[in-house]
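Quick one: this structure, given as structure tokens, is what I'll be asking you about.
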Amino acid sequence: MNASGQYLGRFAPSPTGELHFGSLVAAMASYCDAKHNHGKWLVRIDNIDPPRELSGAIASIIESLTVFGFRWDNKLVMQADRSNVYRAALNDLSAANLLYCCSCIRRDLKAYQHYPGICVPASLASAQSDVMTRLDEGAALTSVRMRTDGIVHFTDLCHGPIETNFNQTPDDPILLRKDGLFSYALACAVDDADGITHVVRGSDLLDTTSHQIAIMQALGKTAPQYAHIPVATGLDGHKLSKQTHAAVLDPQNAIALLGESWAHLGQDPFTFSTTGEFWNAAVSRWQLSKVRIAIEG
Ligand code: GLU
């Protein structure tokens with residue numbers, strides 16, 4: 001629970017496309033878990049990557065959520081409005097001597113699964129003046145990474161205990177991209193550390209979680225609880241995504257899609273004929289433990 005003692009969940013779509021069935025599953029799981037636990041549920045639009053943004057996607061996402069019967073608490077959060085907060089986080093991390101500039105290009109890293117630390121400076125303290133200069137530039141030839149060591153442990157509510165040993169496998173995350181944009185890891189960590197108590201999202205993001213927790217810890221913040229739910233895949237077995245042009249949610253088919261999403265989450269079936277009826281029953285019947293069973297099964 002957060003400082004006010006209340007569950008605070010969120011759904012955080014990127015406006016790189018319209019919502020598809022996989023988005024419905026993630027939105028449903030985070031919504032049901034929040035509401036079942038008498039919590040609040042926020043919608044945050046992760047619009048920190050203008051080059052990848054699809055024109056009209058934000059309006060379409062809001063429209064789809066509304067038609068499918070989602071009701072969010074508080075105002076929509078727009079990451080694009082929060083540059084000052086991300087910038088302040090970078091200042092704090094630099095003051096803690098954790099940042100460094102990295103000039104590696106994709107080709108340098110092709111042979112590695114994790115960033116092997118090529119640009120880690122001999123002295124992090126003396127690297128900070130370059131970092132501060134870099135923060136004042138727009139696009140530049142370097143990105144900014146955070147030195148990450150030690151072991152991150154967390155217990156995922158669906159996957160159980162997870163441990164990442166950054167001493168054994170260094171993998172310093174990029175916080176500021178070469179094009180001058182804040183990275184997803186930074187923005188997501190800063191926003192989720194700002195009072196979110198539960199992050200329920202697709203298991204395709206499980207690998208990003210240790211980095212996000214490391215960033216939160218370096219900022220002296222408490223990480224939320226995580227539950228990574230099974231992602232929806234297409235007939236070809238690949239994750240449904242905006243990039244692979246998964247079918248946009250069809251409002252005419254809302255009732256059937258709500259039922260399919262509920263079944264995908266391993267929840268016990270029930271009958272309903274309106275979205276309102278669905279949500280009333282879904283919130284009270286929701287069982288996160290069934291999602292775990294769906295994963296194991
Ligand atoms: N914005 C990210 C996406 O749409 C998800 C963020 C998250 O849930 O952490 O893939």
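No value in this document is a laboratory result; all are computed from the given coordinates. A quick note: this is a predicted structure, and the numbers were derived from the prediction, not measured. Positions of Cβ are backbone-derived with ideal geometry, glycine not excepted, and every protein chain shown enters the neighbour counts.
Using a 10 angstrom cutoff on alpha carbons, build the Gaussian network for the chain and name the most mobile of TYR31, TYR115, TYR86.
TYR115
Pull out the extension gain between THR66 and ILE105, defined as 0.36 nm times the separation in residues minus the alpha carbon to alpha carbon distance; nm, one decimal. Don't jump to the answer; show the numbers that get you there.
Details: separation 39, 0.36 × 39 = 14.04 nm, distance 4.19 nm.
This chain segment gains 9.8 nm when fully extended.
For the chain, take the convex hull of the Cα atoms, compute a quarter of its surface area, and give me that in nm², please.
Mean projected area for the chain: 16.0 nm², to one decimal.
With springs only between Cα atoms under 10 Å, which of HIS114, HIS20, HIS36 fluctuates most in a Gaussian network model of the chain?
Evaluated over the chain, the most mobile residue of the options is HIS114.
Provide the gained length on full extension for the span HIS114 to ALA96, in nm with one decimal, where the gain is 0.36 nm per separating residue minus the Cα-Cα distance. Provide the component values of the computation, followed by the final result.
On the way: separation 18, 0.36 × 18 = 6.48 nm, distance 2.36 nm.
Length gained between HIS114 and ALA96: 4.1 nm.
Right, another one. Considering amide H positions built from the backbone, and no H for Pro or chain starts, which residues 5 or more places from VAL43, or on another chain, come under 5 Å of its amide H?
PHE11, ASP73, VAL77
So which of LYS110/LYS290; LYS178/LYS290; LYS75/LYS110; LYS40/LYS239; LYS178/LYS221 end up more than 31 Å apart, counting from Cα to Cα? Please list the in-between numbers first.
On the way: LYS110/LYS290 39 Å; LYS178/LYS290 42 Å; LYS75/LYS110 42 Å; LYS40/LYS239 28 Å; LYS178/LYS221 26 Å.
Pairs exceeding the cut-off: LYS110/LYS290; LYS178/LYS290; LYS75/LYS110.
Express the relative contact order of the chain as a whole percentage, based on alpha carbon pairs under 8 Å and six or more residues apart in sequence.
Numbers: 505 pairs, mean separation 70.2, N = 297.
The value is 24 percent.
Within the range 140-154, name every residue whose backbone N is under 17 Å away from a label modeled 7 Å from Cα of LEU124 along the Cβ vector.
Residues 144-153 fall inside that zone.
Quick check for me: using +1 on Lys/Arg Cβ and -1 on Asp/Glu Cβ, what's the dipole size of the range 108-206 about its Cα centre, in debye to the nearest 20? Let's see the in-between values first.
Working: 7 positive and 14 negative charges, 44 e Å.
Here the range 108-206 has a charge dipole of around 220 debye.
Another question, if that's okay. Could you name the aspartates and glutamates in cross-link range of LYS35, using Cα to Cα under 13 Å and dropping any fewer than eight places away on the same chain?
Candidates past the 8-residue exclusion: ASP73.
Note down the nm distance, to one decimal, between modelled labels 7 Å out along Cα→Cβ at GLN252 and at THR274.
2.2
Unpartnered cysteines of the chain (Cβ-Cβ under 4.7 Å counts as a partner)?
Isolated Cys, the chain: CYS32, CYS101, CYS104, CYS158, CYS188.
Please give the FRET efficiency for ASP204 paired with LYS75, using the beta carbon to beta carbon distance and R0 = 22 Å, rounded to the nearest 0.05. Walk me through the intermediate numbers first.
On the way: r = 28 Å, r/R0 = 1.26.
Calculated value: 0.20.
Next question, about the same structure. In whole angstrom, how far apart do the alpha carbon centroids of the range 9-24 and the range 74-130 sit?
When both Cα centres are located, 26 Å separates them.
Mind listing the long-range amide H neighbours of ASP156? Cut-off is under 5 Å, sequence gap 5 or more, other chains count too, H placed in the peptide plane at 1.01 Å from N.
ILE162
Further question: Cα centroid distance between the range 276-293 and the range 144-186, in Å?
Centre-to-centre distance over Cα atoms comes out at 32 Å.
Of the candidates SER126, SER210, SER261, which one comes out as most mobile in a Gaussian network treatment of the chain with C-alpha springs shorter than 10 Å?
Comparing SER126, SER210, SER261 in a Gaussian network model of the chain, the most mobile one is SER126.
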